[in-house]
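What follows is one structure encoded as structure tokens, with my remarks underneath.
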Amino acid sequence: MNTVALIVAAGRGIRAGGSAPKQYRHLAGEAVLTRTIRAVLASDKIDHVMTVIHRDDHGPYDAAVAEIDDQRLLPPVIGGVERAQSVRLGLEALTEVAPDHVLIHDAARPFITAPVIEAIIAKLTNHDGAMAAVPVVDALWRGGDGFCVDQVDRSGLWRAQTPQGFGFTAILAAHQTNTDPKAADDAAIARAAGLDVALIEASTANFKITNPADFARAERQIMAHAAEYRTGQGYDVHALVEGDGVILCGIKIPFHRSLSGHSDADVAMHALTDAIFGALAEGDIGRWFPPSDMRWKGAKSSIFLEKAIERVTERKGRLINCDLTIICEQPKITPHAETMIASLAAIMAVDPDRISVKATTSERLGFTGREEGIAAMATATVALS
Ligand code: MG
């Protein structure tokens, strides 16, 4: 039996917010579509995967599949305006492949699992169609003007998901004779053509990313399975010299001295950057930006921190939190802490509540106590999936 998964990714996904269609937005370092294709390919009962894309999306599609090295992935096909039209065009493009079965799946459901895929395929031996769904467990009310009007019996009600699987010839014919371009799903088109569709109980984890809040839920779902959490530490010192201010966490604080160093000498940002590199076990700033290289002379330290965060993303990880302590007698740090946190949050593209910036003196002891230099310590925790 030859089974093809047809992934529908031609929508514009505007409800999810953001500038890119939601299927190309990144989820913990990887496009939603990349995750969905990988999840489908995880079943060895799938012989081919074909994706229906929007005509403007060749670029993002190519980027999304760049690292998927699997012979089963076929070139994409261009979809239409409505979902039903996109599915029909996808099915017609499969005529040459002529599979026995086709599983039609939403690009925005990256949490599909092999057991559900395989339960659907197994059902197709004896039925025209089979779809993933979950029984309705909440009480249902019809509302009016913001009030309960009457209760709706939930018994026998299911919430449809995808994949929805069918015999290829039958669903192609159903789509070609479909007269409702706004049909909610393929099961509706199949039923209208007289096909029987079995219900396969799936999980609520196989939800469709629709709204901005769904991205946060999806990230939590991914990170719940993070392979590991790693913590790194960083420590740095720069000497104080004659000057007119110090740069800490990207913020210039007026002061009668400055920090000396090869770059902008942002000792706090250096400690934080080293903590992130440390969590990844990827050395330190000096390894990525050798001080012998004149390109980094006077450089803004944000390029170092951006690099560390880029490495977290490339490792398919996420910064969980970081904690930074600046050690000096002067200048006073606390009045600037909030601005520093906002500066770091912008550079690292994380929520400010994941960042802590605090300060201490060393009770006038040692080199920081004598105001010969400023020291900074940081820890950072990273989740790698
Ligand atoms: Mg340094």
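How many of the residues making up the stretch 292-325 are in contact (Cβ under 8 Å) with a residue 40 or more places away in the chain and either within 13 Å of the ligand (Cβ to nearest atom) or not hydrophobic (A, V, I, L, M, F, W, C) (or both)?
Going through the stretch 292-325 one residue at a time, the tally reaches 15.
Looking at this structure, is residue 289 under 24 Å from residue 323 (Cβ atoms), within 16 Å of the ligand (Cβ to nearest atom) and within 27 Å of the chain's Cα centre (by Cα)?
no
Step by step: first the residues of the stretch 252-286, then only those that are near the ligand (Cβ under 10 Å from one of its atoms) and among the aliphatic types (A, V, I, L, M), then the one that is farthest from residue 336 (Cα to Cα). Which residue is that?
Checked the stretch 252-286; the qualifying residue farthest from residue 336 (Cα to Cα) is 285.
Which residue pairs have Cβ atoms under 7 Å apart, sit 6 or more places apart or on different chains, and have a first residue in the stretch 258-275 that is touching a residue at least 60 places away in the same chain (Cβ under 8 Å) and farther than 12 Å from residue 298 by Cβ and a second that is within 10 Å of the ligand (Cβ to nearest atom) and assigned to a loop (DSSP other than H, G, I, E, B)?
If the second residue must be within 10 Å of the ligand (Cβ to nearest atom) and assigned to a loop (DSSP other than H, G, I, E, B), the pairs left are 259/265; 269/301; 270/301; 274/284.
Taking the stretch 166-184, which residues are small (Gly, Ala, Ser) and in a helix (DSSP H, G or I)?
170, 173, 174
Residue 108 - would you say it is small (Gly, Ala, Ser), part of a loop (DSSP other than H, G, I, E, B) and at pLDDT 95 or above?
Judged against the criteria, residue 108 is a match.
Across the stretch 48-83, what is the number of residues that are surrounded by 15 or more Cβ atoms within 10 Å (Cβ to Cβ) and closer than 22 Å to residue 20 by Cα?
17
Quick check, is residue 134 modelled with pLDDT of 95 or more, within 19 Å of residue 41 (Cα to Cα) and surrounded by 12 or more Cβ atoms within 10 Å (Cβ to Cβ)?
Judged against the criteria, residue 134 is not a match.
Determine if the stretch 89-105 includes at least one residue that is exposed (fewer than 12 other Cβ atoms within 10 Å of the Cβ) and outside any loop (DSSP other than H, G, I, E, B).
No, that holds for no residue.
Kindly indicate whether residue 84 is in contact (Cβ under 8 Å) with a residue 40 or more places away in the chain and within 22 Å of the chain's Cα centre (by Cα).
No; evaluated as a whole, the condition is false for this residue.
Would you say residue 344 is surrounded by 23 or more Cβ atoms within 10 Å (Cβ to Cβ) and under 26 Å from the mean Cα position of the chain (by Cα)?
yes
Of the conditions (1) surrounded by fewer than 19 Cβ atoms within 10 Å (Cβ to Cβ); (2) under 30 Å from residue 23 (Cβ atoms); (3) touching a strand residue (DSSP E or B) at 6+ places or on another chain (Cβ under 9 Å), residue 217 satisfies every one except a single condition; which number is it?
(3)
When residue 239 is evaluated against the numbered criteria (1) over 21 Å from residue 309 (Cα atoms); (2) away from the ligand (no atom under 16 Å from the Cβ), which criterion, by number, is the only one it fails?
(2)
So which residues in the stretch 33-63 are within 23 Å of residue 3 (Cα to Cα) and hydrophobic (A, V, I, L, M, F, W, C), if there are any at all?
Answer for the stretch 33-63, where residues must be within 23 Å of residue 3 (Cα to Cα) and hydrophobic (A, V, I, L, M, F, W, C): 33, 37, 39, 40, 41, 42, 46, 49, 50, 52, 53.
Filter the stretch 258-317 down to residues that are in a helix (DSSP H, G or I) and of a type in the set (D, E, K, R) and give me whichever is surrounded by the most Cβ atoms within 10 Å (Cβ to Cβ).
Out of the qualifying residues, it is 274.
How many of the residues in the stretch 224-255 are in a strand (DSSP E or B) and more than 14 Å from residue 301 (Cβ to Cβ)?
15
Answer yes or no as to whether residue 187 is touching a residue at least 12 places away in the same chain (Cβ under 8 Å) and assigned to a helix (DSSP H, G or I).
yes
Going through the stretch 209-235 one residue at a time, which ones are without any contact (Cβ under 8 Å) to a residue 60 or more places away in the chain and among the charged types (D, E, K, R)?
Within the stretch 209-235, 217, 220 meet the criteria.
The values are calculated or read from the model by the stated rules, or taken from the named source; none is laboratory data. Note that the structure is a prediction, hence the values are computed from the model and not measured. Reconstructed Cβ throughout: ideal geometry from the backbone, glycine too, with neighbour counts over all protein chains shown.
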